[in-house]
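Some notes on the structure that comes next.
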Amino acid sequence: MRPFSKARRCTFLRRIGSVLLLGVLSITPTLVAQNTPLISGGMGFLTNTNAGNTSYQLVAVPVLAAPIGQHLLIEARGNLLETFSPQGDNRGYNTSAFLGLSYLQADYIATPHITVVGGYFLTPFGTYNERLSPIWISNFQDAPLIYGIGTMGTGVGTGGMLRGNAYSTEKVSVSYAAYFSAGSTNKEFQSSRSTGGQVSAFFPKTRLEVGASYGRLLESGKSNSVGAHVWWTPGKIPLKVRSEYAHGAHSQGYWIETAYRLSQFHGPESLIGRLEPVFRLQQTFRNSPSGTDFLPPADTQRTDFGLDYHLPHELRINTSYARQFSSTGNFNVWETGVVYRFLFPAWRGK
């Protein structure tokens, strides 16, 4: 993360606030007669003890969804982080701050089957990047070890994308996404020149989803990445099973995650019904040395055990323990977090 001095951070915050305010004011006349823009997101306090070293993090992740007319939607998500990490030898803590955009895009609903996306968007590879990365959704603080495969380093692209539902019946629904990203070295909009996409099929009766992803890096060291995922959420029990496999130029791996909320015991609002045990198993395999995919330098296996507790008013406590095994060393990871989910209109609608 990029460190900020206090003065620089305050200046940057004022600039971002001014830009967002001007943006909202500029579209206000159009939006008054349309759907009210929504501000949502989450904030949390997270701790991480990795190999005996404990760090703390304050996180705020605001999300803006602003419809303009019936066919256009402006979406944006920001990240505000303050991290306190130990210096070592009992010398106290280092403090660093980060402020940036996760994405900033315009979605134009051209037809019932085609949505045109332009701007700074999340790379549609696998499932974690687009669906599970927000802190109020993910069961674990850490992303899967294979996250770097197919997400082109930054996890975002600058360019255009087509996505939508290609085919839908009572038995199956097929969705797709295809994108092209230009290379960008801008500090706030960094991305690699790449292309790719994904396709998935959802079967409503069994609540099963299967999909495949493809990505190609078009810059120096051109390479391909392929992936597949399987999700299952049976309707009769509060169980979630998620899995993903990815293969890149220098490494490959998989993760499997399960979550079972104990809501069948006295209801979801009972003391025990708010508990949700979670489990994740993952492995990575190093095919050749590389410092660009951000995966472990050697074959690695990791097992995560977690226990989430869902409090009223969108407040959640996350706890987890992980053990990582590798030829480079074995160690434990303890994590806790308190996360609050918020949602409110930008102003009162008519």
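The values are calculated or read from the model by the stated rules, or taken from the named source; none is laboratory data. None of these values were measured; they are calculated from a predicted model. We place every Cβ from the backbone using ideal geometry, glycine too, and count neighbours over all the protein chains shown. These area figures cover heavy atoms from the full protein model, side chains too; ligands, DNA and RNA do not enter into them. Shrake-Rupley method; radii C 1.70, N 1.55, O 1.52, S 1.80 Å.
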Which of ALA110, ALA65, ALA177 fluctuates most in a GNM of the chain (C-alpha springs under 10 Å)? That residue is ALA110
Whole-Hz Karplus couplings 3J(HN,Hα) for segment 245-256, θ = phi - 60° and coefficients 6.51, -1.76, 1.60, Gly and Pro as x, run 10, 9, 10, x, 5, 10, 7, 8, x, 8, 9, 10
Expected field for GLU269, accessible surface area in Å² at 1.4 Å probe radius, rounded to 10, holds 120
From highest to lowest solvent-accessible area (probe 1.4 Å; ligands, DNA and RNA excluded), ASP89, ASP142 read ASP89, ASP142
Plugging the Cβ-Cβ distance of ILE137 and ASP89 into 1/(1 + (r/R0)^6) at R0 = 35 Å yields, to the nearest 0.05, a FRET efficiency of 0.40
Whole-percent carbon and sulfur contribution to the accessible surface of the chain (1.4 Å, no ligands, DNA or RNA) stands at 62
Pseudo-spin-label distance TYR108 to VAL338, built 7 Å along Cα→Cβ, given in nm, is 4.6
Karplus-derived 3J(HN,Hα) from phi for segment 205-212 (6.51 cos²θ - 1.76 cosθ + 1.60, θ = phi - 60°), whole Hz, x at Gly and Pro, runs 5, 9, 6, 10, 10, 10, x, 9
Under the rule rounded for a/c under 1.5, else prolate if a/b exceeds b/c, else oblate, using alpha carbon gyration tensor axes a ≥ b ≥ c, segment 281-350 is classed as oblate
Note: ILE68 to THR292 extended length (0.36 nm per residue) minus current alpha-carbon separation gives 76.7 nm
Given a Förster distance of 30 Å, the FRET efficiency implied by the Cβ-Cβ spacing of TRP232 and ARG348, rounded to the nearest 0.05, works out to 0.15
Note: probe point = Cα of ALA166 + 7 Å toward Cβ; backbone nitrogen < 13 Å; residues of segment 213-236 passing the test are 213-214
Note to self: with every protein chain in place and a 1.4 Å probe, segment 37-345 gives an accessible area per residue in Å² of 49
Row for the chain, column shape: gyration tensor on C-alpha, a ≥ b ≥ c, rounded if a/c < 1.5 i.e. under 1.5, prolate if a/b over b/c, else oblate; value rounded
So SER326 and THR206, fully extended at 0.36 nm per residue minus their Cα-Cα distance, gain in nm 39.5 nm
Of VAL241, VAL116, VAL339, ordered by accessible area with the largest first and a 1.4 Å probe, the sequence is VAL116, VAL241, VAL339
Using a 1.4 Å probe on heavy atoms of the protein chains only, the accessible area for ARG274 in Å², nearest 10, reads 30
Nearest-0.05 FRET efficiency for ILE39 and PHE285 at R0 = 56 Å, using Cβ-Cβ distance, is 0.85
Rounded to the nearest Å, the spacing of the alpha-carbon centers of segment 314-338 and segment 59-133 is 24
